[in-house]
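As structure tokens, the structure follows; a few thoughts come after it.
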Protein chains: 2
Amino acid sequence: MKYCSECGKGVELKIPDGDNRERHVCSHCQTIHYKNPNVVAGCLPVWEDKILLCKRAIEPRHGFWTLPAGFMENDESLEQAATRESIEEANANLEVTNIYTIVSLPHINQVYILYLAKLKDLNFSAGVESLDVQLFTEEQIPWDNLAFRTINFTLKHYFEDRKNNSFPVHHGTIEKNNRYQ
Amino acid sequence: MKYCSECGKGVELKIPDGDNRERHVCSHCQTIHYKNPNVVAGCLPVWEDKILLCKRAIEPRHGFWTLPAGFMENDESLEQAATRESIEEANANLEVTNIYTIVSLPHINQVYILYLAKLKDLNFSAGVESLDVQLFTEEQIPWDNLAFRTINFTLKHYFEDRKNNSFPVHHGTIEKNNRYQ
């Protein structure tokens with residue numbers, strides 16, 4: 001950020017009075033511009049013993065497999081965001097049931113919130129952000145070609161929980177490493 | 001938003017190619033400026049049969065009682081955000097244990113994520129954003145003077161769940177009404 005979005009004049013990085021962090025502050029109109037983490041909402045769509053994955057048609061991680069998920073938008077609930085992303089990426093007709101994983105990614109300022117969801121039918125197909133959409137059994141999951149560690153975290157828990165037919169919320173933090181996300 | 005924060009020129013509201021929502025787009029450098037919901041992280045601090053509330057020293061809802069919570073910052077996890085807010089607002093020495101309530105507030109573009117937490121000692125006191133900090137039994141809760149409906153939602157669930165000594169994650173959406181938040 002170089003310019004104030006309210007008045008167009010230059011901003012400077014400084015700690016505002018009463019604050020303890022550097023913010024972009026307008027040197028002209030004094031507006032303080034905060035930056036905060038984004039929520040990525042999505043779901044794990046289930047059909048019988050299979051789960052649905054999307055092959056990414058966009059960067060980052062083009063060509064890798066992911067669960068349908070994306071940035072939550074203003075004016076919507078988490079549930080609506082998760083459902084919308086499933087339609088956009090997989091044209092999936094599903095019902096989100098309960099929140100399943102919540103993962104903080106402090107190094108990229110994101111919080112993933114993924115639901116469990118039931119596919120209502122098999123009329124899914126690749127949306128514009130996907131190259132392909134497929135159902136996978138546990139044995140078929142492309143573990144080495146998953147797009148993000150949040151997806152790995154969620155799938156590992158799912159197959160473990162499925163043995164006990166109990167799906168509590170899992171919560172974690174994934175720190176920066178030298179790999180993707 | 002009136003000006004581009006990257007180049008200082010004017011922005012216009014339009015739907016970018018491949019998108020389906022209006023965004024602020026710079027007419028000069030073409031930067032798309034996204035706006036997304038903020039996460040409010042906090043906790044419900046417990047001491048024996050009491051819970052800790054803070055009386056707000058700031059707007060909105062100056063003078064009303066709330067749980068320690070505030071905007072999650074970049075570079076931190078949800079857990080760190082909840083702990084930091086408890087220190088800032090109540091100088092509370094506590095350990096957050098598990099995520100307890102998750103509430104979407106689409107009309108104000110916020111998602112509340114509140115933890116259960118154990119107070120480690122009674123050395124709490126009002127931080128700069130609080131007029132007062134006190135412990136309350138269930139009977140003492142100032143129900144008519146709570147700051148936000150998210151706080152009401154969380155406390156109601158807590159006292160109900162305490163009867164069964166079982167504290168599952170509660171998830172909901174609070175829509176706009178004619179009252180506060």
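Calculate how many DSSP beta bridges within the protein assembly as shown are antiparallel, expressed in % of all such bridges and rounded to the nearest 5. Walk me through the numbers before you get to the answer.
On the way: 60 of 88 bridges.
Antiparallel bridges make up about 70 percent of those DSSP assigns within the protein assembly as shown.
Overall dimensions of region B:76-142, expressed as equivalent-ellipsoid semi-axes from the Cα gyration tensor (√(5λ), whole Å, largest first), are 21, 15, 14.
How shielded is A:33-42 by partner chains, expressed as the average number of their Cβ atoms within 10 Å of its Cβ atoms? Spell out each step's value before the answer.
Working: counts 1, 4, 2, 10, 13, 6, 8, 1, 3, 0.
Mean partner-chain Cβ count within 10 Å for A:33-42: 5.
Relative contact order of region A:75-136, please, whole-number percent, based on alpha carbon pairs below 8 angstrom and at least 6 residues apart. Could you put the intermediate results ahead of the total?
On the way: 90 pairs, mean separation 21.7, N = 62.
Dividing the mean separation by the residue count of region A:75-136 yields 35 percent.
Averaging Cα coordinates gives a centre for region A:12-76 and one for region B:54-76; these two points are 22 Å apart. Once the 1.4 Å probe is applied to the protein heavy atoms, chain B comes out at 47 Å² accessible per residue. Could you work out the Rg to Rh ratio of region A:112-168, with Rh taken as the Kirkwood radius (inverse of the mean 1/r over all Cα pairs)? That ratio equals 0.96. Among B:V25, B:V133, B:V96, the residue with the largest mean-square fluctuation in a Gaussian network model of chain B, with springs joining Cα atoms closer than 10 Å, is B:V25. Annotation: amide H-H contacts under 5 Å for A:T173 (H modelled 1.01 Å from N, sequence separation of 5 or more, or interchain): A:S104.
So, with a 1.4 angstrom probe, what is the percent of accessible area on region A:11-164 that is carbon and sulfur?
Details: 3070 of 6810 Å².
The computed percentage sits at 45.
For region A:1-110, GluC sites (Glu not before Pro) meeting the loop criterion (DSSP other than H, G, I, E, B) and having at most 13 other Cβ atoms within 10 Å: A:E22, A:E48.
Report relative contact order for region A:1-134 in percent, whole number only (criteria: Cα-Cα under 8 Å, sequence separation at least 6). List each step's numbers first, then the result.
On the way: 294 pairs, mean separation 31.6, N = 134.
For region A:1-134, the relative contact order is 24 percent.
What is the average number of partner chain Cβ atoms found within 10 Å of a Cβ in B:70-81?
Taking all residues of B:70-81 together, the mean is 6.
Comparing A:H107, A:S27, A:G70 along the charge dipole axis of chain A, the residue lying farthest to the positive side is A:S27, per the Cβ-charge model. Distance from the C-alpha centroid of region B:100-150 to that of region A:125-174: 34 Å, rounded to the whole angstrom. Using a probe of 1.4 Å, the accessible surface attributed to B:W143 totals some 70 Å² when neighbouring protein chains are kept in position.
To check you understand DSSP bridge types, tell me what percent of the beta bridges within chain A (both residues inside) are antiparallel, rounded to 5. Expressed as a percentage, antiparallel bridges in chain A total about 70.
Report summary: the helix-based calculation at 222 nm, which adds -39500 (n - 2.57) for every DSSP H run with n ≥ 4 and divides by the residues of chain A, gives -5000 deg cm²/dmol.
Could you list the square roots of 5 times each eigenvalue of the Cα gyration tensor of the protein assembly as shown, that is, the equivalent ellipsoid semi-axes, sorted largest first and rounded to whole Å?
Each semi-axis is √(5λ); the values are 34, 30, 17 Å.
Using equal-weight Cα scatterers in the Debye expression, the normalised intensity of region B:1-146 in log10 at q = 0.12, 0.15, 0.17 Å⁻¹ is -0.60, -0.78, -0.90.
What total accessible area, in Å², is buried where chains A and B meet, using a 1.4 Å probe and rounding to the nearest 100? Display every interim value, and only then the final one.
Details: alone 10220 and 10200 Å², together 17050 Å².
It comes to approximately 3400 Å² buried between A and B.
Tally Lys/Arg at +1 and Asp/Glu at -1 over every other residue whose Cβ is under 10 Å from the Cβ of A:T137; what's the total? Walk me through the numbers on the way to the answer.
Working: positive: A:K50; negative: A:E48, A:D49, A:E138, A:E139.
Once positives and negatives cancel, what remains is -3.
Heavy atoms only, 1.4 Å probe, whole protein assembly: order B:L44, B:L122 by accessible area, highest first.
Numbers: B:L44 0, B:L122 90 Å².
Descending accessible area places them as B:L122, B:L44.
Taking label positions 7 Å along the Cα-Cβ direction at both B:F167 and A:I15, the computed distance is 3.3 nm, reported to one decimal.
The values are calculated or read from the model by the stated rules, or taken from the named source; none is laboratory data. It should be emphasised that the depicted structure is a prediction, and the values quoted were computed from it without experimental measurement. Positions of Cβ are generated from backbone atoms using ideal geometry, with glycine treated the same way; all protein chains shown enter the neighbour counts. Only protein heavy atoms, including side chains, enter the accessible area calculation; ligands, DNA and RNA are left aside. Shrake-Rupley method; radii C 1.70, N 1.55, O 1.52, S 1.80 Å.
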